[in-house]
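The values are calculated or read from the model by the stated rules, or taken from the named source; none is laboratory data. What you are looking at is a predicted structure, and each value in this text was computed from that prediction instead of being measured. For neighbour counting, all protein chains shown are included, and Cβ atoms are generated from backbone atoms with ideal geometry for every residue, glycine included. These accessible areas exclude ligands, DNA and RNA; they are computed on the full protein's heavy atoms, side chains included. Shrake-Rupley method; radii C 1.70, N 1.55, O 1.52, S 1.80 Å.
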Amino acid sequence: MRTRYVNAQVFRDGKFAEGVLLVDRESGRFVADASAAGTADRTVDLKGLHVVPGLVDVHVHLREPGFPHKETIATGTSAAARGGYTTVSSMPNLDPAPDTPEHLRVQTDLIRRDAVVRVVPYASITVGQRGSGELVDFAALAPYVVGFSDDGRGVQSAELMEEAMRRAAAVGKPIVAHCEVDELLRGGYIHDGDYCRQHGHKGICSESEWRQVERDIALAEKTGCQYHVCHVSTRESVELVRQAKARGLRVSCETAPHYLLLCDEDLREEGRFKMNPPLRSRADRAALLEGVADGTIEVIATDHAPHTAEEKSRGLAGSAMGIVGLECAFPLLYKYMVLPGAISLERLVELMSVNPRRIFGLGGGLEPGDAADFTVFDLDAQYKIDPAAFRSKGRATPFAGWPVQGRAVMTVVGGKCVCGANEEE
């Protein structure tokens, strides 16, 4: 049984061109001879819409096991499908933390049961995901995870991180680091800038991030470990990664849409503007935009971090850190970066699909033999971000009410439509 998708603008070899896709529904893969009408029992006319390899988000908090009141595998992956994502990587701040194969299995059993997109989890770096203490058994966990991360906490000891990198390198997996020096936080919760001082808040200095990035890059050079920096937010972090790349190190980084589109001048006294790292200065935002443009920043991830409405209702000082992003990332970036000419559409696809697949060894594309994971976008669709309509349990976003353009109208995983047209199949 095969489905033929015709009249599409297909992303191949770094550009869009009119093309046809043929999917074998039994194997869930693309097959050749897509132009031959007789090879399919079903034809879908995409009427000129754009087809890309399914989006990939390497930084998502699905909250389950442990915190299903915030999000579940079912609701989080449904939100991912709605946003055009076919693969997400789940972060390890869970209960139990994925620090042993047995603890990881609690999560993977839920994934097998409830996920509607592909979920490739991280294991924690330290036992209990504490950022200190004892390292996990890297060899035992490596076959089941995309990498190792203590996201939510920085690994404080240089000696511990060096040993973690040696063990990760030995099993061929990346260290994916949340960079934060605890002793520099000093109770802060927004960026230590003008807004912070003018409104009597406690600030988080930029050095708390970039100082650990600097340390870790030196350790990555020493150990030969593949190293990826989570959610960079400061100009210094961007420059450190740029220099590391110039030296030929296996170093990469990601940032998130909110750091590209907002800065601390946009803050309001609402929990939906609170995340970690915080919104930084206008100059930091400019450096991030430059990093995206010149290829220093290779990945845009959402850091989708849902909380309950009550947890986000306590203003900047008292709310939990984290916002949601899976359902609005692409339309925001298309509207406010692609259409004004800051980056091309092709570059956006690289940042949100091609590069994370390459860096994390996830594979995939739109060629015969590839898993039929793809997203169809209507780039003319215009609407406003409405958190009430989100499939995620989380509703907190600083982009509520923003006009956007571009909508995922069909998300297909393994040849099966999981969101959009014919979703019931």
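Observations on the structure shown:
- Here L249 clears all of (1) in contact with a Ser or Thr (Cβ under 8 Å, 6 or more places away or on another chain); (2) under 19 Å from R166 (Cβ atoms); (3) open to solvent by 10 Å² or more (accessible area, probe 1.4 Å) except the condition numbered (1).
Here's the yes/no breakdown for (1) more than 21 Å from S149 (Cβ to Cβ); (2) basic (K, R):
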{"position": "E236", "(1), (2)": "yes, no"}
{"position": "E239", "(1), (2)": "yes, no"}
{"position": "A244", "(1), (2)": "no, no"}
{"position": "G248", "(1), (2)": "yes, no"}
{"position": "V251", "(1), (2)": "no, no"}
{"position": "A256", "(1), (2)": "no, no"}
{"position": "L262", "(1), (2)": "yes, no"}
{"position": "R272", "(1), (2)": "yes, yes"}
{"position": "M275", "(1), (2)": "no, no"}
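- Test: residue in the range 216-233 that is under 28 Å from F399 (Cβ atoms), part of a helix (DSSP H, G or I), among the hydroxyl-bearing types (S, T, Y) and touching an Asp or Glu at 6+ places or on another chain (Cβ under 8 Å): no
- Inside the range 293-322, residues that are surrounded by 23 or more Cβ atoms within 10 Å (Cβ to Cβ) and among the aliphatic types (A, V, I, L, M) make up a count of 5.
- Exclusive hit being free of Cβ contacts under 8 Å to residues at least 60 places away in the same chain and over 19 Å from the mean Cα position of the chain (by Cα), set E162, E207: E207
- Within the range 2-66, strands (runs of 3 or more DSSP E) holding 2 or more residues that are small (G, A, S): 15-24
- Qualifying residue in the range 360-367 (condition: closer than 30 Å to P68 by Cα, touching a His at 6+ places or on another chain (Cβ under 6 Å) and among the aliphatic types (A, V, I, L, M)): no
One line per residue, one yes/no per condition, for (1) open to solvent by less than 30 Å² (accessible area, probe 1.4 Å); (2) among the acidic types (D, E); (3) farther than 12 Å from T223 by Cβ; (4) in a helix (DSSP H, G or I):
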residue: D151; (1), (2), (3), (4): yes, yes, yes, no
residue: V155; (1), (2), (3), (4): yes, no, yes, no
residue: R166; (1), (2), (3), (4): no, no, no, yes
residue: A169; (1), (2), (3), (4): no, no, no, yes
residue: V176; (1), (2), (3), (4): yes, no, yes, no
residue: R186; (1), (2), (3), (4): no, no, yes, no
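- Number of the condition not met by G66 [criteria: (1) over 20 Å from M321 (Cα atoms); (2) in contact with a Leu (Cβ under 8 Å, 6 or more places away or on another chain); (3) surrounded by fewer than 18 Cβ atoms within 10 Å (Cβ to Cβ); (4) not β-branched (V, I, T)]: (1)
- Checked against the criterion of being crowded, with 16+ Cβ neighbours inside 10 Å and over 20 Å from V241 (Cβ atoms), the candidates D182, D192, D216 yield just one match: D192.
- Every condition in (1) surrounded by fewer than 19 Cβ atoms within 10 Å (Cβ to Cβ); (2) over 19 Å from A80 (Cα atoms); (3) out of contact with any strand residue (DSSP E or B) (no Cβ under 9 Å at 6 or more places or on another chain) holds for R285 except the one numbered (1).
- For the residues E350, E367, the requirement of being touching a residue at least 60 places away in the same chain (Cβ under 8 Å), open to solvent by 40 Å² or more (accessible area, probe 1.4 Å) and over 20 Å from the mean Cα position of the chain (by Cα) singles out E367.
- Scanning the range 117-139 for residues that are open to solvent by 10 Å² or more (accessible area, probe 1.4 Å) and small (G, A, S) yields G128, S132, G133, A139.
- The range 109-136 residues that are aromatic (F, W, Y), paired with ones that are part of a loop (DSSP other than H, G, I, E, B) and at pLDDT 95 or above (beta carbon under 8 Å, 6 or more apart): Y122/M91; Y122/P92; Y122/P98; Y122/V145; Y122/V146; Y122/G147; Y122/S149
- Residues that are part of a helix (DSSP H, G or I) and either open to solvent by less than 10 Å² (accessible area, probe 1.4 Å) or closer than 20 Å to V299 by Cα (or both), drawn from the range 83-105: G83, L104
- So E265, is it surrounded by fewer than 16 Cβ atoms within 10 Å (Cβ to Cβ) and among the acidic types (D, E): yes
- Of all the criteria given as (1) small (G, A, S); (2) open to solvent by less than 60 Å² (accessible area, probe 1.4 Å); (3) assigned to a loop (DSSP other than H, G, I, E, B); (4) under 25 Å from G291 (Cβ atoms), the one not satisfied by G401 is (4).
- Of G394, G420, all but one fail to be crowded, with 17+ Cβ neighbours inside 10 Å, among the small types (G, A, S) and within 21 Å of the chain's Cα centre (by Cα); the exception is G394.
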